[in-house]
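Scroll down for the structure; my scribbles are underneath it.
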Amino acid sequence: MVLSPKRNTITTCNSGEAMINRRSLLKCATAIPLAAVSDSLAQAAENQTSSEKADYTLRIATGLVELSPEHIVSTTLYNGQFPGPLVRLTEGKRVAVDVYNDTDTPEQLHWHGQFVPVDVDGAAEEGTPYVPAHSMRRIAFVPKPSGFRFYHTHVVPMNNLNLGTYTGQAGPVFIEPVNNPGAYDREIFLVLKEFLPSFSQGGDMEMDFLAGAPIKELQEIGKKAEEQFNGPKGYEVGYDLFCINGKMLGYGEPIRVKQGERILFHVLNASAGQIRSLALPGHVFRIVSLDGNPVPTPTDVPVLWLGTAERITAIVEMNRPGVWVMGDLADDDRGHGMGIVVEYANVKGKPQWSKPRPYKWDYTIFGKAGVAPASPDETFDATVVKHNGALNGFNQWLLNGEAFSMETMKPAYTVHEGRRYRFKFRNASDDVHPLHLHRHSFELVRVGGKSTAGVIKDVVMLGGFQEVEFDFVADNPGPTLFHCHQQLHMDFGFMAMINYA
Ligand SMILES: [Cu+2]
């Protein structure tokens with residue numbers, strides 16, 4: 001085995017570290033953890049006395065991922081593998097999970113998309129105790145709702161590309177429903193991920209794949225902010241290597257299929273901040289669930305688009321024999337590994353790729369037509385603005401004029417249990433933001449100017465200079481974090497705390 005000379009992510013991290021004010025970084029690193037760490041040490045000690053065996057053990061430690069024989073990366077992993085092991089749970093059946101942290105830094109393991117209490121959720125901002133360095137925590141919870149979820153780290157890396165979701169800390173969760181109709185022959189989990197992150201200052205790639213048009217008023221607000229912060233573009237994170245299930249295109253086992261087979265794909269975008277597309281030439285995806293939740297109108301699409309942390313469950317009928325590349329539409333990303341070979345039985349040859357016809361991603365086609373969601377008890381308006389390069393060269397993100405402060409953790413919204421709330425979210429920037437709500441799901445109400453109902457998600461992409469509206473019911477008391485799932489955006493201001501009255 002040869003280690004790639006480009007393997008060392010520490011280099012990029014250190015050069016990044018020099019760019020930030022050291023004092024603010026130290027403040028940020030120490031302010032939150034201390035109290036939480038002592039809590040969780042006590043908890044860990046208490047847990048170790050329990051003799052009951054955990055249902056799952058997840059161990060956080062540095063390890064190697066062989067993306068290809070030429071590209072072996074060193075990063076933080078769950079159980080020494082990428083992706084982390086598939087955690088299969090049953091809805092409503094209590095589980096105990098032991099989380100060991102063999103690293104030198106406190107960790108948070110977030111159960112993304114589940115309705116869990118604050119002490120389980122895995123977000124220090126809400127008050128979840130850390131898994132202390134070189135220690136463990138036993139977590140017990142009742143899995144819900146059923147469907148495709150995942151787990152990932154939730155620490156705040158800021159400018160350290162060796163922490164947080166820049167590492168290999170992500171793994172799929174499947175919560176079995178009580179009844180599973182199962183109109184498919186077998187299921188395959190695909191975890192999409194990039195490695196070898198580095199900072200660049202060229203500005204983000206323009207992404208024009210979402211349905212809907214930019215709103216003039218939001219462009220005006222964005223233009224004003226740009227005039228005020230008119231320096232060089234803020235740092236973005238780019239990647240050298242891409243993989244599906246830990247293997248670059250052409251290096252893992254192909255997906256071997258038979259003609260006529262119906263395969264249920266569970267696709268997770270486990271990126272720290274990138275938006276992914278996925279197509280299989282000559283085939284269509286029948287989308288049956290978004291973020292693990294069955295959609296009212298299952299619909300065929302030629303390409304999947306997934307914002308950071310989004311999941312899509314889709315059935316593909318294998319009816320076009322050949323050897324195909326299932327991969328990202330971006331030639332560069334696919335060329336650096338973002339794809340997997342699909343091989344029909346008794347067919348040989350070089351894997352074929354062709355770009356699907358242009359297609360706009362529209363969440364509303366999966367919803368109920370002509371039905372309005374229930375009326376909300378209250379509506380929250382939020383507008384996000386980018387201050388270009390305002391924080392030591394990093395973009396700062398402000399919600400209604402305020403960047404989230406990790407020091408004050410000031411709640412932005414107060415909710416009452418049992419009430420229904422509508423978020424009307426306006427994007428005065430050109431970036432796409434995958435918005436995520438912890439510990440709750442939401443129902444899409446309006447996206448890209450179109451109304452919908454019945455599409456239940458926990459992440460939704462908000463297009464550049466567009467609006468999105470979604471509703472959630474305050475049914476899981478405790479501090480609840482709302483943030484953009486783009487790691488750089490959330491770390492530099494794009495977060496809000498929702499408190500229960
Ligand atoms: Cu964002």
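The values are calculated or read from the model by the stated rules, or taken from the named source; none is laboratory data. This structure is a prediction, so every number in the text was calculated from the model and none was measured. Neighbour counts run over all protein chains shown; Cβ positions are idealised from the backbone, glycine included. We work out accessible area using only protein heavy atoms, side chains counted, and drop any ligands, DNA or RNA first. Shrake-Rupley method; radii C 1.70, N 1.55, O 1.52, S 1.80 Å.
Within the chain, the longest segment free of exposed loop sites, counting GluC sites (Glu not before Pro) that fall outside DSSP classes H, G, I, E and B and have at most 11 other Cβ atoms within 10 Å, spans 207-406. Return a whole-number percent for the relative contact order of the chain, with Cα pairs under 8 Å and 6 or more residues apart as the contact set. It comes to 15 percent, rounded to a whole number.
Rounding to the nearest 20 debye, state how big the charge dipole of the chain is about its Cα centre with +1 on each Lys and Arg Cβ and -1 on each Asp and Glu Cβ.
Values: 46 positive and 56 negative charges, 181 e Å.
With only Lys, Arg, Asp and Glu charged at Cβ, the dipole is about 880 debye.
Ranked from largest to smallest solvent-accessible area, with a 1.4 Å probe on the protein heavy atoms, Ile340, Ile263 come out as Ile340, Ile263.
Averaging the Cα positions of each part gives two centres, and for segment 116-137 and segment 212-262 these lie 29 Å apart. Can you give the local net charge around Asp377? Use residues other than it whose beta-carbon is closer than 9 angstrom to its beta-carbon, Lys and Arg +1, Asp and Glu -1. Net charge around Asp377: +2. The stretch between Ser375 and Asp208 holds 57.0 nm of extra length on full extension. This uses 0.36 nm per residue minus the Cα-Cα distance.
Listed values for segment 450-467 are Karplus-derived 3J(HN,Hα) couplings in whole Hz (6.51 cos²θ - 1.76 cosθ + 1.60, θ = phi - 60°), namely 10, 7, 7, 7, x, 8, 9, 9, 10, 9, 9, 7, 9, x, x, 6, 10, 10, and x replaces Gly and Pro. Take segment 244-336 with all the other protein chains still there, run a 1.4 Å probe, and you get 31 Å² of accessible area per residue.
If R0 is 56 Å, what FRET efficiency do you get for Ala403 and Asn346 from their C-beta distance, rounded to 0.05?
Details: r = 58 Å, r/R0 = 1.04.
With R0 = 56 Å, the Cβ-Cβ based efficiency is 0.45.
Apolar share of the accessible surface for segment 73-189: 51 percent from carbon plus sulfur atoms, 1.4 Å probe. The loop-placed trypsin sites (Lys or Arg not before Pro) in segment 226-304, going by DSSP, that have at most 16 neighbouring Cβ atoms within 10 Å of their Cβ come out as Lys233, Lys258.
Once neighbouring chains are kept in place and the probe is 1.4 Å, which whole percent of the accessible area of segment 287-443 is contributed by carbon and sulfur?
Working: 3030 of 6320 Å².
After summing per-atom areas, the C and S share lands at 48 percent.
Rounded to the nearest 10 square angstrom, Lys355 shows an accessible area of 130 square angstrom against a 1.4 Å probe. Using alpha carbons only, how many angstrom separate the centre of segment 419-448 from the centre of segment 147-165? That distance is 21 Å. Across segment 152-164, coupling constants 3J(HN,Hα) worked out from phi with the 6.51/-1.76/1.60 Karplus curve, θ = phi - 60°, read 7, 6, 10, 7, 9, x, 6, 9, 9, 7, 9, 10, x Hz, and Gly and Pro carry x.
Could you calculate the FRET efficiency of Lys360 with Glu52 from 1/(1 + (r/R0)^6), where r is the beta carbon distance between them and R0 is 56 Å, rounded to 0.05?
On the way: r = 51 Å, r/R0 = 0.92.
So the FRET efficiency works out to roughly 0.65.
Output the pairs from Lys247/Lys348; Lys424/Lys450; Lys144/Lys457 with a Cα-Cα distance over 18 Å in this structure; if there are none, say none. Before the final figure, lay out the partial values.
Values: Lys247/Lys348 21 Å; Lys424/Lys450 13 Å; Lys144/Lys457 14 Å.
From Lys247/Lys348; Lys424/Lys450; Lys144/Lys457, over 18 Å: Lys247/Lys348.
For the pair Asp104 and Tyr500, a Förster radius of 22 Å applied to the C-beta separation gives a FRET efficiency near 0.05, rounded to the nearest 0.05. Summarising the amide proton neighbourhood of Phe380: residues at separation of 5 or more, or on other chains, whose placed amide H is nearer than 5 Å comprise Arg422, Phe423, Lys424. In terms of accessible area, using a 1.4 Å probe and ignoring ligands and nucleic acids, Met338, Met207, Met158 rank largest first as Met207, Met158, Met338.
For segment 76-234, the solvent-accessible area with a 1.4 angstrom probe is 39 square angstrom per residue.
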